[in-house]
Amino acid sequence: MTPSCLRILIADDSDSDRLILKTLLCRLGHRVQAARDGAEAVELFRREGADLVLLDALMPRMDGMEAAREIKSLAGDRLVPVIFLTSLSDAEDLARCLASGGDDFLTKPYNRIILDAKLKAFDRMRRMHEALAEQHALARERNRQLLDEQTTARRVFDNVAHTGCLDAANIRYHASPLSIFNGDVLFASPRPDGGLLVFLGDFTGHGLPAAMGAMPVAEIFYGMAAKGFSGADVLREINQKLKRILPIGMFCCGAMLEVDFKAGQIGIWNGGLPEGWLFRAGASPRPLPSRHLPLGILPPEQFRADLTAYPASTGDTVLLMTDGVLECQASDGTLFGEAGVRRCLRRRQQGEHPFDVVFQAMADFSHRAREADDLTLFSLDMIDRTGLALRPEPGESSALSGPSEWRCEYEVRGSTLAEFNPLPLLLHICMEVPGLRARSGEVYLLLSELYNNALEHGILRLPSDWKRSPDGFGQYYRERQRRLAEVSDHGIVFRLHHARKPWGGRLRVTCEDTGDGFDHANHPVARDSGPVGDGPRYAGRGLMLLKRLARTVTFHGRGNCVEIVYDWRLPSAPSITDGCPPPAAGGRDD
Amino acid sequence: MTEKPHLDEEALAELQDVMEDEFEVLIQTYLTDSRDRIASLKEALAAGDADAVARTAHSFKGSCINIGAPRLGDLCQAAEQAGKVADLARAQALMADIEAEFAVVTGLLEGLSVR
């Protein structure tokens, strides 16, 4: 081992001893500073520092033990070994040297070999301590940086993956983060048609890697939900994105819940999450098991995004959860599991909310034991009206800017009918008009009502009354799926026309399908005065809706073409002085 | 207690090896130092300061051991013990032995250094 040159401070009141020691150390290749007593040693150390200190135990002015304490305190976090020089032979005296902060002692007469060996040993220790202290400081600095970065990242993350409308009164959730970034994500967004889209996801792992995956999911979810895309569209997009960006072995278990409050139905897609539950009045809870692989695994062409539809009406509840719920551990190590969820739901008393039941059972089970995984429990109650509106876009520009005079025609044909939903695109075109943008919900409802009726009743000829019974409900959607796959020579054409008016603007939409139509001239639902009931083409509710929102609803041709006129007014427009009736009031003239 | 030799030849040989040209200086330093300590010891005895006797004897003992004068070292340790138990009469008696032994050691060391 190469001898390293140490800066050594020695203190001894005996001139001859000091001379011997100094010469010995110099011969060993070290640089030596010598002091006559403790006070001088402390002063020298304060001024010049040293790697190692050799102190006579008993000295006038300040003795070695006191000097050792001073020097150690001056050295702070640095390890400066202090070795006592002593002719003490009493074991207790020697022990006292170490107790006062000395690291070792060296007895007189000095032995060159032992002195050299001790210096080397202490130099090793000193270096090790220095390296450790450096690494510790580095680690502390890195940790501080990491926390800073995570805090900043968290801010960005929260802006993208905001909680949407999770604060709605009919939604309850519990989320437990294991670190700054939780591996679970929960998003909820109102849809333009007044419905609701919820996504619950559980990424493999947590922390930054999970957050990196969660960001695009949030972007896609909120961006598409607000534009009127269906849950299936959003799922396809998320899967494709995650498949592309996530490393092998990382994926996202998730569930998509699409709620249509008006139609009284929910659609659910579960890929890898524990079974969810649907609670309906007067029926036993229905499990909503995972039927798909998690997101980010299958290539787009193998991915199946179709949601399973269930009827659900006011007072019904949907419950969803991530793995963390099942992985709650009792003190003896047993897991809560799906069995635990089923057990507590079986024992649920009349009037108890499923969320409370599961949450309480989970808490009782784990009894203060640490939650092992990220954990999210979510419930949604079906209500009469959503009460959720899309947030108006902030900083809306003047209602008069943007395109105001335009027309377009868009046709969807053949197998595309089964694969593609044209509504977001059509909505997007309309949303270019600022005056319509503020009414995106109404416009979306009109478009979707027209499209769904043209497709489901006009082309697929599905009877709307099937949806009424629980059996028919399933049959309706199975049949819809089957007939869609067989559509070949059919098509739906949308013609949109927008014109500016002194008081705002007028949107005219015709929707024509290649189906058989119906005898609109003689059918009560098509006549203005007719009672509102179910017709061959329009369920009463659908027609009511069109009539309520649009200024006029007119049937053309053999009943396969519907035209609606929708007026919107400038907020500042003067009241009806130009002879124009208030729009959206259901007026009949055109 | 077996009497130790006046000088530890082995220790001195090693010192000579380490100190090289400075061995002479070391011997002179030790002798000057020791005269001071003997004077200090006498002062302490005269003042009846047992504590000072113990401390000075302790330091003297250290340098004696280091230079290779073990018998003088032992006498110093005896004086240190006497000081610790405040037996000034015993310390006084040892003082004479210390001075006598120091005279012997001085003679031997000076002979050594001119060798």
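Odds and ends about this structure:
- Top-ranked residue of segment B:1-28 - restricted to ones that are touching a residue at least 40 places away in the same chain (Cβ under 8 Å), under 17 Å from B:Asp74 (Cα atoms) and not aliphatic (A, V, I, L, M), ranked as farthest from the other protein chains (Cβ to nearest Cβ): B:Glu3
- Condition met for A:Arg78 (away from chain B (no Cβ under 14 Å) and either surrounded by fewer than 14 Cβ atoms within 10 Å (Cβ to Cβ) or touching a residue at least 24 places away in the same chain (Cβ under 8 Å) (or both)): yes
- Close pairs (8 angstrom Cβ cut-off, 6 or more residues apart or separate chains): crowded, with 20+ Cβ neighbours inside 10 Å in segment A:494-509, polar (S, T, N, Q) and part of a strand (DSSP E or B) anywhere: A:Phe494/A:Thr510
- Some residue of segment A:491-511 being modelled with pLDDT of 65 or more, under 44 Å from the mean Cα position of the chain (by Cα) and in a loop (DSSP other than H, G, I, E, B): yes
- Boolean, B:Ala82 is within 13 Å of another protein chain (Cβ to nearest Cβ), surrounded by 17 or more Cβ atoms within 10 Å (Cβ to Cβ) and more than 17 Å from A:Asp15 (Cα to Cα): no
- Residues in segment A:207-251 that are assigned to a helix (DSSP H, G or I) and basic (Lys, Arg) were compared, and the one that is farthest from A:Gly267 (Cα to Cα) is A:Arg244.
- Of the numbered criteria (1) of a type in the set (A, V, I, L, M); (2) free of Cβ contacts under 8 Å to residues at least 40 places away in the same chain; (3) touching a Leu at 6+ places or on another chain (Cβ under 6 Å); (4) within 14 Å of another protein chain (Cβ to nearest Cβ), the one A:Ala11 fails is (2).
- Of all residues in segment B:45-55 being touching a residue at least 24 places away in the same chain (Cβ under 8 Å) and either in contact with a His (Cβ under 6 Å, 6 or more places away or on another chain) or not acidic (Asp, Glu) (or both), the one that is farthest from B:Leu112 (Cα to Cα): B:Gly48
- Qualifying residue in segment A:269-277 (condition: on the phi < 0 side of the Ramachandran plot, touching a helix residue (DSSP H, G or I) at 6+ places or on another chain (Cβ under 9 Å), assigned to a helix (DSSP H, G or I) and in contact (Cβ under 8 Å) with a residue 60 or more places away in the chain): no
- Of all the criteria given as (1) surrounded by fewer than 23 Cβ atoms within 10 Å (Cβ to Cβ); (2) of a type in the set (S, T, N, Q); (3) within 19 Å of A:Asp15 (Cα to Cα), the one not satisfied by B:Gln92 is (3).
- Residue ID - farthest from the other protein chains (Cβ to nearest Cβ), chosen from residues in segment B:29-53 that are under 30 Å from A:Leu28 (Cβ atoms) and surrounded by fewer than 16 Cβ atoms within 10 Å (Cβ to Cβ): B:Asp36
- Pair list, Cβ under 8 Å, 6 or more apart: segment A:92-103 residue of a type in the set (Asp, Glu), other residue not in a helix (DSSP H, G or I): A:Asp93/A:Ala57; A:Asp93/A:Thr86; A:Asp103/A:Pro81; A:Asp103/A:Val82; A:Asp103/A:Ile83
- Verdict on A:Leu380 being closer than 24 Å to A:His498 by Cα and modelled with pLDDT of 85 or more: no
- Screening A:Ala309, A:Ala283, A:Ala263 for residues that are in the same structural domain as A:Arg172 (by TED's automatic domain parsing), surrounded by fewer than 16 Cβ atoms within 10 Å (Cβ to Cβ), of a type in the set (Gly, Ala, Ser) and more than 17 Å from the chain's Cα centre (by Cα) leaves exactly one candidate, A:Ala283.
- Here B:Ile67 does not qualify as within 30 Å of A:Arg112 (Cα to Cα), away from chain A (no Cβ under 14 Å) and buried (at least 18 other Cβ atoms within 10 Å of the Cβ).
- Among the residues of segment A:225-255, those identified as of a type outside the set (Ser, Thr, Tyr) and closer than 22 Å to A:Lys467 by Cα are A:Gly231, A:Ala232.
- Tally of residues being closer than 19 Å to A:Met224 by Cα and either of a type in the set (Asp, Glu) or at pLDDT 90 or above (or both) across segment A:398-423: 3
- Counting the residues of segment A:196-206 that are buried (at least 24 other Cβ atoms within 10 Å of the Cβ) and either in a loop (DSSP other than H, G, I, E, B) or of a type in the set (Phe, Trp, Tyr) (or both) gives 2.
Rundown of residues vs (1) more than 26 Å from A:Pro571 (Cα to Cα); (2) surrounded by 23 or more Cβ atoms within 10 Å (Cβ to Cβ), yes/no style:
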position: A:Glu419; (1), (2): yes, no
position: A:Pro422; (1), (2): yes, no
position: A:Ala438; (1), (2): no, no
position: A:Val443; (1), (2): no, yes
position: A:Leu447; (1), (2): no, yes
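- In segment A:317-351, the residues that are over 26 Å from the mean Cα position of the chain (by Cα), within 28 Å of A:Ala188 (Cβ to Cβ) and assigned to a loop (DSSP other than H, G, I, E, B): A:Arg348, A:Gly351
- Yes/no for A:Gly29 being on the phi > 0 side of the Ramachandran plot, more than 10 Å from chain B (Cβ to nearest Cβ) and not aromatic (Phe, Trp, Tyr): yes
- Residue ID - farthest from the other protein chains (Cβ to nearest Cβ), chosen from residues in segment A:81-97 that are among the polar types (S, T, N, Q) and surrounded by 15 or more Cβ atoms within 10 Å (Cβ to Cβ): A:Thr86
- Within segment A:98-121, the set of residues being within 14 Å of chain B (Cβ to nearest Cβ) and either assigned to a loop (DSSP other than H, G, I, E, B) or not aliphatic (A, V, I, L, M) (or both) comprises A:Phe105, A:Thr107, A:Lys108, A:Pro109, A:Tyr110, A:Asn111, A:Arg112, A:Asp116.
- Residue check, A:Asp17 among the charged types (D, E, K, R), within 14 Å of another protein chain (Cβ to nearest Cβ) and farther than 24 Å from B:Glu22 by Cβ: no
- Flag for B:Asp8 being crowded, with 18+ Cβ neighbours inside 10 Å and within 30 Å of A:Leu25 (Cα to Cα): yes
The values are calculated or read from the model by the stated rules, or taken from the named source; none is laboratory data. Note that this is a predicted model, so its numbers are computed, not measured. Cβ atoms come from the backbone with ideal geometry, glycine included; neighbour counts cover every protein chain shown.
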